[in-house]
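J.: Please read through the structure below; I'll follow up with questions.
The values are calculated or read from the model by the stated rules, or taken from the named source; none is laboratory data. Please read these numbers as outputs of a predicted model, since none were measured by experiment. Cβ sites come from the backbone with ideal geometry, for glycine too, and all protein chains shown count toward neighbours.
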Amino acid sequence: MAKKSSMERVAEAAEATGLEITILTMPDSTRTAEEAANACKCEVGQIVKSLIFQREDTEEFVLLLVAGDRQADLEAAATVVGGPLTRADAKRVRKETGFAIGGVAPIGHMCPVAVYMDPALLNHEIVWAAAGAPNAVFSVCPAKLKAAVGAAVLA
């Protein structure tokens, strides 16, 4: 059996959670929030940055879904997550989640990941997220994404 691509995992995860999405392959990179906003013709704040960190105490992965026009507040997140966070090693992220940094999607991970969402994303009708490749994206209602991934809202 052939190994599934990251984009195939995202599509299957969306279907499994009842998210109706269409993955778009853009002609240019969507690796940064600014590039993605230009490609998607939306505000930078509508871009979902899927940022993988690890807990310092347990080394478990934590996925922070952050609005493209904001930075992850690791101190505030630590109070919600239950422990301090540190950057995750890119090779470990790729090996365990199946996604390379820059193409991390909010769904379709190969391992369980606790998910936390920036409340600013919920202010939009539609947000855009990475779909497993540096130029692949999908749009979704942020409340539906939150429900699909079981995200807790960051304070």
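J.: What residue, among those in segment 99-126 that are among the small types (Gly, Ala, Ser) and more than 12 Å from Ser6 (Cβ to Cβ), is farthest from the chain's Cα centre (by Cα)?
T.: Looking at residues that are among the small types (Gly, Ala, Ser) and more than 12 Å from Ser6 (Cβ to Cβ), I get Ala120.
J.: A follow-up question, please. Take segment 50-72 and flag every residue that is closer than 18 Å to Pro119 by Cβ and among the basic types (Lys, Arg).
T.: Arg70
J.: Could you tell me whether Ile23 is within 28 Å of Thr86 (Cα to Cα), among the β-branched types (Val, Ile, Thr) and touching a Phe, Trp or Tyr at 6+ places or on another chain (Cβ under 8 Å)?
T.: no
J.: Here is a further query. I'm told Leu51 meets every condition in (1) under 17 Å from Met110 (Cα atoms); (2) loosely packed, with under 13 Cβ neighbours inside 10 Å except one. Can you identify the failing condition by its number?
T.: Every condition holds for Leu51 apart from (2).
J.: Can you name the residue in segment 118-135 that is over 16 Å from Val44 (Cα atoms) and crowded, with 20+ Cβ neighbours inside 10 Å and is also modelled with the highest pLDDT among such residues?
T.: Step by step, filter segment 118-135, then rank; the result is Ala131.
J.: Another one. Glu96 is checked against (1) within 19 Å of Ser5 (Cβ to Cβ); (2) surrounded by 19 or more Cβ atoms within 10 Å (Cβ to Cβ) and fails just one. What number does that condition carry?
T.: (2)
J.: In this structure, is Lys41 among the charged types (D, E, K, R) and surrounded by fewer than 17 Cβ atoms within 10 Å (Cβ to Cβ)?
T.: Yes.
J.: Between a first residue in segment 62-81 that is under 17 Å from Val137 (Cα atoms) and a second residue that is outside any loop (DSSP other than H, G, I, E, B) and basic (Lys, Arg), which pairs have beta carbons less than 7 Å apart while being 6 or more apart in sequence or on different chains?
T.: Val66/Lys49; Gly68/Lys49
J.: With respect to Arg55, is the statement that it is basic (Lys, Arg) and in contact (Cβ under 8 Å) with a residue 60 or more places away in the chain true?
T.: Here the answer is no, as Arg55 does not meet what is asked.
J.: For the list (1) closer than 18 Å to Val140 by Cα; (2) surrounded by 15 or more Cβ atoms within 10 Å (Cβ to Cβ); (3) modelled with pLDDT of 95 or more; (4) not polar (S, T, N, Q), I need the number of the one condition that Gly103 fails.
T.: If we test Gly103 against (1) closer than 18 Å to Val140 by Cα; (2) surrounded by 15 or more Cβ atoms within 10 Å (Cβ to Cβ); (3) modelled with pLDDT of 95 or more; (4) not polar (S, T, N, Q), just (3) comes out false.
J.: Could you check segment 4-90 for strands (runs of 3 or more DSSP E) lying wholly inside it with 3 or more residues that are at pLDDT 95 or above?
T.: 47-55, 61-67
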